[in-house]
Amino acid sequence: MENSMTVSSPEAGTSPAVAIRGVNKIFNQGKPNQVDALVDIDLDVQPGEFISLIGPSGCGKSTLLRLVADLLEPTSGSVTIHGKSAHQARVDQDYGMAFQQSGLFEWRTVERNIELPLELKGWDKAARRQRSQEMLELVKLPEFAKHMPWQLSGGMQQRIAIARALASHPKLLLMDEPFGALDEMTREHMQAELLRICAAAGTTVVFVTHSIPEAVYLADRVVVMSPRPGRITEIVSVALGRDRSELTREATDFFARVTEVREALRGIEMADHAKGIDDR
Amino acid sequence: MNATVRLRNALAVVLPPLVLGVLFLAAWQAWVVVSDVQPFVIPRPTDIWRSFIDDFDLVWKASVVTGMNALVGLVLGSLIGFVVAVLTNRFAFVSDLVNPLAITVAAIPAVVIVGVLNNMYSLDSQIPRRIMVTISVFFVVFVQVTKGLRQNDATQMELMRSYAASPFDTLKKVRLPNTMPFFFTGVRTAAPLALIIALVSEYFGGTQDGLGSKISGTLNGSNKALGFAYVLGGALVGLLFFAGSNLLEYLVVPWRRRGRSK
Ligand SMILES: Nc1ncnc2c1ncn2[C@@H]1O[C@H](COP(=O)(O)OP(=O)(O)O)[C@@H](O)[C@H]1O
Ligand SMILES: [Mg+2]
């Protein structure tokens, strides 16, 4: 199962997992309520890399993630995923996605929630059932297959949502503040689990968060963004190695990176104040 | 322990209205007996009950006639309301058109349509009444389903897009299930309405074999107890409709039984 995910197609080695080139996104162009959500975004994400996107609210993190997912189209510029257009990647279900809301379908059991993307891909029932069992093992909730979503805690629901996002073994996982609604303890546990799962499968992750320690703990690189207009202001390489544990959170290097990201964000705040813009 | 808790909860729901009902009947009986009201003015509850037992076949026959009219109209109106709402959902103007119409139909005594329909069918036909019930139910269910189809969970819709799901799959697997609670709200609201319309539409001519005709016929006569026995029959049919529509909802949208996690 894990082999099929790590074996890469010939061109995957040469092209980045995600290539964002000269992307601009303007909402309501030409109207009084025009918003320059993203300006001149360039970013390459390497296969297997974990990227955290961080920045003050409204800086365009979710917009950038939705452009990669082809849920939005860029006003200009291009997004490619393993050399394919974002649109083709979406049609091929090349990525999995998870949001702050689990978005579980209340009328489906846990296993049938995980199976939905496979069902839409035309998998037969036996194969779907086998995969959903595997995914439940992966997120350590095998005994909840027949439960209904509302019988699960918020953290468990989120794990099911992740299991569903990974059900078709995508090489790319896109996450928009998936742990934002969880308490701190559950959250740290989920972060460790996510790293374990993605490392085992070699999954590339783009992860939106507004928590600095979360961004640093998870990522190979933290992409810092600033608002009005949304831009990438700094990219912090974390370089803490891939084997991260609870000890990582107490390491000196970890704090150094947290400070670095915090200062990058503070720089944005200062610049905003200098421009006389209120942050609310 | 779980069972006793559940029993206690059920009692807490059922007991208060039951006690209130019994108290009300006792007060009625006491008042009629003490102030010596003539039975052809207001009968005693005990007399009504006796009449209900003695003339049960009369009450039963009339209840079946009116109950069937209401049921046929409820089922047809619900199905048509659901299907039309789904089919016209792509065209916002349809519901913009139908919604004010629905309010108008609810506001004016539209049962007069029955008078018109009666002229189109034979004298002993129940069809005009059933059509009337169907129309009334249709609007209630249509409005609810239309509302439901427009209230989709944003995250669920984005997920379906990320799966590149076809519009049909999105409708079948997400929007329709999402709409079911709204549909049943419509059916539950329409169930008592169906019965009332079925009863009232009997006042506009046609055969005199339903509860509505019997109630108005006997309540004007001297056998008031029998009149109230028919009313009791109507109340029981109403209770059946209430229980039936709630049971159906309980069975079809189990995820609504408990608070949702959203
Ligand atoms: N569909 C939309 N229409 C108009 N403006 C939007 C839309 N989506 C987002 N925006 C605006 O774009 C900016 C970036 O939003 P978003 O990407 O959600 O920020 P973040 O996720 O970083 O908080 C905000 O100013 C927001 O109001
Ligand atoms: Mg956001």
Can A:E193 be described as open to solvent by 10 Å² or more (accessible area, probe 1.4 Å) and at negative phi? yes
Checking the conditions here, which among A:P117, A:P149 is in contact with a Gly (Cβ under 9 Å, 6 or more places away or on another chain) and under 29 Å from B:P167 (Cα atoms)? A:P117
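Only one residue in A:A215, A:A201 is under 25 Å from A:D40 (Cα atoms) and either touching a His at 6+ places or on another chain (Cβ under 9 Å) or open to solvent by less than 10 Å² (accessible area, probe 1.4 Å) (or both). Which one? Even if it seems obvious, please write down each step before you answer.
Working: A:A201 fails: under 25 Å from A:D40 (Cα atoms).
Result of the check over A:A215, A:A201: A:A215.
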Identity of the residue in region A:32-47, closer than 15 Å to A:I20 by Cα and not hydrophobic (A, V, I, L, M, F, W, C), that ends up surrounded by the most Cβ atoms within 10 Å (Cβ to Cβ): A:P47
Of all residues in region A:68-98, how many are on the phi > 0 side of the Ramachandran plot and within 14 Å of another protein chain (Cβ to nearest Cβ)? 2
Identity of the residue in region A:48-62, buried (at least 21 other Cβ atoms within 10 Å of the Cβ) and within 12 Å of ligand 1 (Cβ to nearest atom), that ends up nearest to A:G267 (Cα to Cα): A:G55
Which residues, counting only those in region B:44-71, are open to solvent by less than 40 Å² (accessible area, probe 1.4 Å), under 30 Å from B:V140 (Cβ atoms) and of a type in the set (A, V, I, L, M)? B:V59, B:A62, B:V65, B:A70
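Quick check on A:G230: is it small (G, A, S) and modelled with pLDDT under 90? Don't jump to the end; show me each part of the working.
Numbers: small (G, A, S): yes; modelled with pLDDT under 90: no.
So A:G230 does not fit the description; no.
Can you pull out every residue in region A:119-132 that is more than 9 Å from chain B (Cβ to nearest Cβ) and free of Cβ contacts under 8 Å to residues at least 24 places away in the same chain? Show your work before the answer.
Pass one, region A:119-132, residues more than 9 Å from chain B (Cβ to nearest Cβ): A:122-132.
Once the filter is applied, which keeps residues that are more than 9 Å from chain B (Cβ to nearest Cβ) and free of Cβ contacts under 8 Å to residues at least 24 places away in the same chain, region A:119-132 yields A:G122, A:W123, A:D124, A:K125, A:A126, A:A127, A:R128, A:R129, A:Q130.
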Hey, does region A:133-140 have a residue that's more than 9 Å from chain B (Cβ to nearest Cβ), acidic (D, E), surrounded by fewer than 22 Cβ atoms within 10 Å (Cβ to Cβ) and assigned to a helix (DSSP H, G or I)? yes
What's the total number of residues in region A:168-181 that are surrounded by fewer than 20 Cβ atoms within 10 Å (Cβ to Cβ) and away from ligand 2 (no atom under 16 Å from the Cβ)? 2
Going by the structure shown, is A:L65 within 12 Å of another protein chain (Cβ to nearest Cβ) and at pLDDT 95 or above? yes
Tell me which of these A:F105 doesn't satisfy, since it passes every other one: (1) hydrophobic (A, V, I, L, M, F, W, C); (2) in a loop (DSSP other than H, G, I, E, B); (3) free of Cβ contacts under 8 Å to residues at least 40 places away in the same chain. (3)
Scanning region B:155-186 residue by residue, the ones that are under 33 Å from the mean Cα position of the chain (by Cα) and either facing chain A (nearest Cβ under 8 Å) or open to solvent by less than 20 Å² (accessible area, probe 1.4 Å) (or both) total 12
Does region A:44-88 hold any residues that are within 16 Å of ligand 2 (Cβ to nearest atom), closer than 20 Å to A:T233 by Cβ and in a loop (DSSP other than H, G, I, E, B), and which are they? A:G55, A:P56, A:S57, A:G58, A:C59, A:G60
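The values are calculated or read from the model by the stated rules, or taken from the named source; none is laboratory data. From a predicted model like this one, the values you see are computed outputs, not experimental measurements. Glycine gets a Cβ as well: all are built from the backbone with ideal geometry, and neighbour counts include every protein chain shown. With ligands, DNA and RNA removed, areas are computed over all heavy atoms of the protein, side chains included. Shrake-Rupley method; radii C 1.70, N 1.55, O 1.52, S 1.80 Å.
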